[in-house]
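The values are calculated or read from the model by the stated rules, or taken from the named source; none is laboratory data. No experiment lies behind these values; they were computed from the predicted model shown. FYI the Cβ positions are ideal-geometry reconstructions off the backbone, even for glycines, and counts take in every protein chain you see.
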Amino acid sequence: MTLSDGQSRAEVRAASTGKIQDPEFVRFLEEIGRERLAAFATEDFLVLDLVHREQPVPGFLKPRLEPLLEQGLIDRIGRGRGVRYLLSRRFYRFLGKPGVYTLRRGLDRDTNKALLLKHIEGAYPEGCAMAKLQRVCPALGRRAIQVLFDDLRAEGRVRVEGETRGARWFAIPKGQTREMR
């Protein structure tokens, strides 16, 4: 295109075709929009989509996290560098799948400790390797499980024999002290 002063101006046209990957997610967003009577910014939709797909939120979108947390649309799990976000419990109730929320969020500290202890008790007399224990609490990483075991060991409820991959965890029966082993 040529302007009246003889200069050229570039023109860009873009066409986009899109396919909705999760219609239930879109219906949930429609419901939230009707309830709040608030117009979401494009950035809010981008953040919600990234959280829904369990993708990291880039720095330029991070300021939109706090308002979405305050509105109860997403939940924060963890702190510091290990923080992650997931859609709120409300989304999974809307889908009729509240158990998926619990699976993705993980259980509370005491519940995880109880699950690990129960699993170790069931592994008597062979003990249990860390790799199997990681399957008991899939939402936790290896280090988080080790921290729970540090607590259980300090409480006198478990002991470990061996080191590295060969280490086996054993439950200490109630009423028995570590010295009795």
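Within the range 110-141, the only residue that satisfies the criterion of being at pLDDT 85 or above, surrounded by fewer than 17 Cβ atoms within 10 Å (Cβ to Cβ) and under 22 Å from Y92 (Cα atoms) is T111. Applying the criterion of being farther than 20 Å from E66 by Cα and of a type in the set (A, V, I, L, M, F, W, C) to the residues of the range 82-101, the residue that is nearest to the chain's Cα centre (by Cα) is V100.
Checking each residue of the range 108-126 against the condition of being touching a residue at least 40 places away in the same chain (Cβ under 8 Å), of a type in the set (F, W, Y) and touching an Asp or Glu at 6+ places or on another chain (Cβ under 8 Å) gives no match. Restricting attention to the range 78-107 and to residues that are aromatic (F, W, Y) and more than 16 Å from A139 (Cα to Cα), the residue that is surrounded by the fewest Cβ atoms within 10 Å (Cβ to Cβ) turns out to be F94. Return yes when F149 is in contact (Cβ under 8 Å) with a residue 60 or more places away in the chain and either in a helix (DSSP H, G or I) or β-branched (V, I, T) (or both) and no when it is not. In short, no. Looking only at residues of the range 128-146 that are among the small types (G, A, S) and assigned to a helix (DSSP H, G or I), we find that the one that is farthest from F170 (Cα to Cα) is A144.
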